[in-house]
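Coordinate-derived values only; no laboratory data. Predicted, not measured: the structure shown is a model, and the values here were computed from it. When we count neighbours, we look across all protein chains shown, and the Cβ atoms used for this are built from the backbone with ideal geometry, even at glycine.
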There are 2 protein chains.
Amino acid sequence: MSDVDINERHKQKMQKQKKRVDARIKEATTERGVFVFLTGNGKGKSSSAFGMVLRALGYGQKVGVIQFIKGNRTTGESLFLSNLHPDVDHYQMGTGFTWDSQDRERDIAAAETTWEVASQMLSDDSYDLVILDELTYMLGYKYLDVEKVLDVIKNRPVEQSVVVTGRGGGARLRELADTVSEVKEIKHAFKSGIKARPGVDL
Amino acid sequence: MSDVDINERHKQKMQKQKKRVDARIKEATTERGVFVFLTGNGKGKSSSAFGMVLRALGYGQKVGVIQFIKGNRTTGESLFLSNLHPDVDHYQMGTGFTWDSQDRERDIAAAETTWEVASQMLSDDSYDLVILDELTYMLGYKYLDVEKVLDVIKNRPVEQSVVVTGRGGGARLRELADTVSEVKEIKHAFKSGIKARPGVDL
């Protein structure tokens, strides 16, 4: 096939593709906040949530970030939020990873306090975007009641978007979410002995 | 089982988990930049790359962002980078989605020019993190040669991390990458007729 043919065939293929994309954009007319759920065992769930924070900040939106699990290590997102964008409301559950604290009753109390802060954001229509980072673990350990949590998410202001991250999470969460991605680990640098990298993993 | 028993069993389980996590952290001792590849058909690949940009900015790192595909629409990441963080070097391939331009030769020329900019960043050790957003499509359409691209990524400065996003990408890319996640679409709001949302999808 000559170069001219290749270019012509490419053009026809792209015209068809453009038609498909344009038709789909035309069909999507409902305008409201969305509930995005990022789950699975691979890298990219929390990073993705923070990418949406970056996008929302680009539009000058009001953002709230709740982190349900936090290790003792410094993270880039914490440094970013506290030093560069203190305009983002940021709350971290105080107890660290649950395998660090090893104290179930203390964890439950901390989860409940954190959920109170989240609930307030989820009922305040001045927030355009609310991130509930690693929320699923609170449900998995039954520190928080899934029906109570879903009820608050469901009844949030109509223009507000919410992002939940974490492994697991269960069928009820998937059901309610508008967009669900499962991030599958194909491989991870950590497992080849490479230390977690500031600016990438931390 | 009484509450006391539940709490004690939880404590034992968490102690075991802590041992496992600590051992794995101890084993991961290699310190170098990583190559992260985010692929699959679900939402969260580019968002995740921009989440890493946010983290890197938190550490005051130098970041370069190359976007190989760009539609005509405004995006939050563009607004963020140009208005709030002009310290990030940001380059967008000028032709828009390839199904918008429909001109293969023009696309190839644009891809090559864009790759030149990327190559310069990937040979400059002052960059801590380089994002190659939607690079895979340039490989899929054979606008860029995969071996040439992999060679530059492979020979980048040892402390530099690089993130490639996009569907497909092929086996050679997966092979070279340190961390590979496949983002699987379980569902997407767009397909239920909900318009792409600024601060989430755009």
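Using the Karplus equation 6.51 cos²θ - 1.76 cosθ + 1.60 (θ = phi - 60°), what ³J(HN,Hα) coupling, rounded to whole Hz, does each residue of segment A:42-54 give in order, writing x for Gly and Pro?
x, 6, x, 7, 5, 4, 5, 4, 6, x, 6, 4, 4
Compute the helix-to-body angle for B:104-121: its Cα long axis versus the longest principal axis of chain B, expressed 0 to 90° and rounded to tens.
Taking Cα atoms only, the helix is inclined about 50 degrees.
To the nearest 10 degrees, how steep is helix B:3-27 against the longest Cα principal axis of chain B, on a 0 to 90 scale?
It works out to around 50 degrees.
For the pairs A:Lys45/B:Lys45; A:Lys142/B:Lys13; A:Lys13/B:Lys195; A:Lys43/B:Lys43, note any where the Cα-Cα span goes beyond 18 Å.
Exceeds cut-off: A:Lys13/B:Lys195.
Add -39500 (n - 2.57) for each DSSP H run of 4 or more in chain B, then divide by its residues: what number comes out at 222 nm, to the nearest 500 deg cm²/dmol?
-13000 deg cm²/dmol
Dipole magnitude of chain A about its Cα centre, charges +1 at Lys/Arg Cβ and -1 at Asp/Glu Cβ only, in debye to the nearest 20?
For chain A, the charge dipole is close to 1120 debye.
Please work out how much length the chain gains when fully extended from B:Asn83 to B:Ala196, using 0.36 nm per residue of separation minus the C-alpha to C-alpha distance, in nm with one decimal.
Extra length available between B:Asn83 and B:Ala196 comes to 38.5 nm.
Test of the criteria: in segment A:6-65, which trypsin sites (Lys or Arg not before Pro) are in a DSSP loop and have at most 16 other Cβ atoms within 10 angstrom of their Cβ?
A:Arg32
Cα-based Rg (one decimal) and Dmax (whole number) for the protein assembly as shown, in Å?
Calculated on Cα positions, Rg and Dmax stand at 21.6, 78 Å.
How big is the charge dipole of the protein assembly as shown about its Cα centre, in debye rounded to the nearest 20, if each Lys and Arg gets +1 on its Cβ and each Asp and Glu gets -1 on its Cβ?
1220 debye
Find out how many positive minus negative residues lie around B:Gly193, taking Lys and Arg as positive, Asp and Glu as negative, among other residues whose Cβ is under 12 Å from that of B:Gly193.
Value of the local net charge: +2.
Using a Gaussian network model on chain A with a 10 Å cutoff between Cα atoms, which of A:Val162, A:Val180, A:Val21 fluctuates the most?
Highest fluctuation of the listed residues: A:Val21.
Pick from B:Thr74, B:Thr114, B:Thr30 the residue whose mean-square fluctuation is largest in a GNM of chain B, springs joining Cα atoms under 10 Å.
Highest fluctuation among the options: B:Thr30.
Sort segment B:32-184 into rounded, prolate or oblate with this rule: let a ≥ b ≥ c be the square roots of the eigenvalues of the Cα gyration tensor; rounded if a/c is under 1.5, and if a/c is not under 1.5, prolate when a/b is larger than b/c, oblate otherwise.
Here segment B:32-184 falls in the rounded category.
Say R0 is 60 Å: what FRET efficiency, to the nearest 0.05, do B:Arg73 and B:Lys16 get from their beta-carbon distance?
For R0 = 60 Å, the calculated efficiency reads 0.75.
Of the beta bridges DSSP finds with both residues in the protein assembly as shown, what % are antiparallel, to the nearest 5?
Among the beta bridges of the protein assembly as shown, antiparallel pairing accounts for roughly 15 percent.
Can you find, among B:Gly170, B:Leu135, B:Ser181, the residue sitting farthest towards the positive end of the charge dipole of segment B:32-184, where Lys and Arg contribute +1 and Asp and Glu -1 at Cβ?
The listed residue farthest towards the positive side: B:Ser181.
With point charges of +1 on the Cβ of Lys and Arg and -1 on the Cβ of Asp and Glu, referenced to the Cα centre of the protein assembly as shown, which listed residue (A:Phe37, A:Ala196, B:Val53) lies farthest in the positive direction of the dipole?
Final value for the positive-end residue is A:Phe37.
Express the relative contact order of chain B as a whole percentage, based on alpha carbon pairs under 8 Å and six or more residues apart in sequence.
Normalised by residue count, the contact order of chain B is 34 percent.
How big is the dipole moment of segment A:91-202 about its Cα centre under a simple scheme where the beta carbon of each Lys and Arg is +1, that of each Asp and Glu is -1, and everything else is neutral? Debye, nearest 20, please.
That gives segment A:91-202 a dipole magnitude of about 660 debye.
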